[in-house]
Amino acid sequence: MNMGGGAGVADDNTAPSAVTQFSHAVWRRYQHLLDKSTPLVLYRWIFLAAIGFVYALRVYLLQGFYIITYGLGIYILQLLIAFLSPQVDPEIQELTDGPSLPTRGSDEFRPFVRRLPEFKFWHSLAKAFFFALVLTFFSAFDVPVFWPILLFYWLVLFVSTMKRQIMHMVKYKYVPFTFGKQRYAGKKAAPTDETNSGRP
């Protein structure tokens, strides 16, 4: 009797261990694929566009799940603002440390550092579209609503949020994109006497 009970306990302990090992293996594989896709910026965004197209096509064909789409739009807007915002708010940094932009030719150029890096921005969007696509297979989330109202609310929120973001960019004179490393040229050296005299 006791031996049978001991075997049952061992089986109970083995099952969670096998599930844990399998989940860890899947997670390691997933992380490996993410690491390999990091430098493939163009292909990552093409993949995201494909997921977005599949989701939009499914919503169009089903003529429903507008609440899910509205929530997805709000989440995308939040990610976009974080992507366009600097890692450190210039308003707070100005109050604590003073202006951080280069003021002299010898100052080192500082590239724009985002609050939400490009890869995390893409990864969050991909997960959001995939999760929203999965929800469209459950009729419980297909709440009947008048979708033009939701579209109007989202457009108003988008315009007001982007207007505030652009005003913030203009006020603190930053651009959320870095096009290579800029160089600030100093004063040219004055010509020497040998050059002025024409001697070799």
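The values are calculated or read from the model by the stated rules, or taken from the named source; none is laboratory data. Since the structure is predicted, the reported quantities are computational estimates derived from the model, not experimental observations. All Cβ positions, even for glycine, are placed from backbone atoms using ideal geometry, and neighbour counts span all protein chains on display. These area figures cover heavy atoms from the full protein model, side chains too; ligands, DNA and RNA do not enter into them. Shrake-Rupley method; radii C 1.70, N 1.55, O 1.52, S 1.80 Å.
Things to note:
- The set of residues in the stretch 49-82 being more than 18 Å from THR161 (Cβ to Cβ), of a type outside the set (Gly, Ala, Ser) and surrounded by fewer than 16 Cβ atoms within 10 Å (Cβ to Cβ) consists of PHE53, VAL54, LEU57, ARG58, TYR60, LEU61, LEU62, GLN63.
- Within the stretch 146-168, the set of residues being exposed (fewer than 13 other Cβ atoms within 10 Å of the Cβ) and either of a type in the set (Phe, Trp, Tyr) or assigned to a loop (DSSP other than H, G, I, E, B) (or both) comprises PHE146, PHE152.
- Residue list for the stretch 93-145, restricted to those being surrounded by 11 or more Cβ atoms within 10 Å (Cβ to Cβ), of a type in the set (Ser, Thr, Tyr) and at pLDDT below 90: SER100
- Annotation note: of ASP35, ASP89, the sole residue that is more than 23 Å from VAL143 (Cα to Cα), surrounded by 10 or more Cβ atoms within 10 Å (Cβ to Cβ) and among the acidic types (Asp, Glu) is ASP89.
- Any pair with Cβ under 9 angstrom, 6 or more apart, that starts in the stretch 117-137 at a residue that is under 13 Å from TYR75 (Cα atoms) and free of Cβ contacts under 8 Å to residues at least 60 places away in the same chain and ends at one that is basic (Lys, Arg) and open to solvent by 20 Å² or more (accessible area, probe 1.4 Å): PHE121/ARG114
- Residue list for the stretch 123-145, restricted to those being among the aliphatic types (A, V, I, L, M) and either within 30 Å of PRO39 (Cα to Cα) or part of a helix (DSSP H, G or I) (or both): LEU125, ALA126, ALA128, ALA132, LEU133, VAL134, LEU135, ALA140
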